[in-house]
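One structure below.
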Amino acid sequence: MLAFRNRHEELAAGLRRLEQYPTVSPFSRLFYRMLVELLEQVDNKRLTQAFILFIRCEARRHHAVGHIVRRGKLDLVEVIQTGRKSYSVLDALTQGLERMELSSRPDLTVRELILAECNYHLGRTHAVVERLKEAVRLGPAHPLVHFALGYNLYVHAMQEHTRSGKKKGEVIANDPIAFIGACRDAISAFQAGLGDQSFDAQIYWWIGLIHEMLGERRDARAAYLGAMESDPEHFTDTAMEKMDNLRGRTPKRTRRERERLNKLDSITDTDIAVARAFLDSCDGFPFD
């Protein structure tokens, strides 16, 4: 019992240290906390130790990134070395997890989720999708797992079925039918995670984004409305702007923008005179 408590105290302490780094994404924080809770339930020493190693690796990586940023100078060699060290540890950890002989469904589920996270940081999107699908198949999955599956299915669709166009930011589908089918799989995965008020808004938002990308305006508006109703405080302004754009209307100013503009002083005759003088002094466009 003491060994169980010590391992989980070590894991909790490691996660607290990792969460101190601002470069850790909000989703990763939630996903890691979920894994810690699951590990407390299964009490598997090898899985807990594997996740402790993962947390340590991530903490070292984020520390190295923070050091580079604080120094204010990008050292390409240092960036490559940091990436290689992290890749080497995660690759070895992945192989170790795959060799583990596990029998219970909870243990197997936790292993799949840790493997999904390792493969995500290794850039193996297809493997991430397969591991998350297996975690869902093994039993009732947390909404975060469905969210992760939906997001990675969408990323995989973009990687496998699109290419960059000639124009900046242009994306072209190599096989439109396959791309649309893959996007629908992503939407289905997102929808499977609905039902928890804590995460519904984010899920609805991503469903809306994919529908909008596919040109399905009615479904996109319904999803954005779902996000707004699930979390009106954080999604009302952005959802209203999205729905106005989908209707072809001129977007209204958001509440935040209105508050910012209300704090500004009125434009005076002096301001206008200064602006006119500046424009008169310009001989051409700045990039001519």
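Read the figures in this text as sums done on the coordinates, not as results from a lab. Small disclaimer: the values here were computed from a predicted structure and weren't measured. Note: ideal-geometry Cβ built from the backbone for every residue, glycine included; neighbour counts use all protein chains shown.
What to note about this one:
- In terms of distances greater than 26 angstrom between alpha carbons, the cross-link table entries Lys133/Lys167; Lys133/Lys242; Lys167/Lys242 yield Lys133/Lys167; Lys133/Lys242.
- Förster-model FRET efficiency, 45 Å R0, Ala173 and Arg105, C-beta, rounded to 0.05: 0.75
- Relative contact order of the stretch 1-68, taken over Cα pairs closer than 8 Å and 6 or more residues apart, is 52 percent.
- For the stretch 1-141, the calculated P(r) over all alpha carbon pairs, in 10 Å bins from 0 to the bin holding the longest distance, is 11, 41, 35, 11, 2 percent.
- Protection-proxy order for peptides 39-49, 162-172, each taking the mean of Cβ atoms within 10 Å per residue, highest first: 39-49, 162-172
- Restricting the GluC sites (Glu not before Pro) of the stretch 89-135 to loop positions (DSSP other than H, G, I, E, B) with no more than 13 neighbouring Cβ atoms within 10 Å leaves Glu101.
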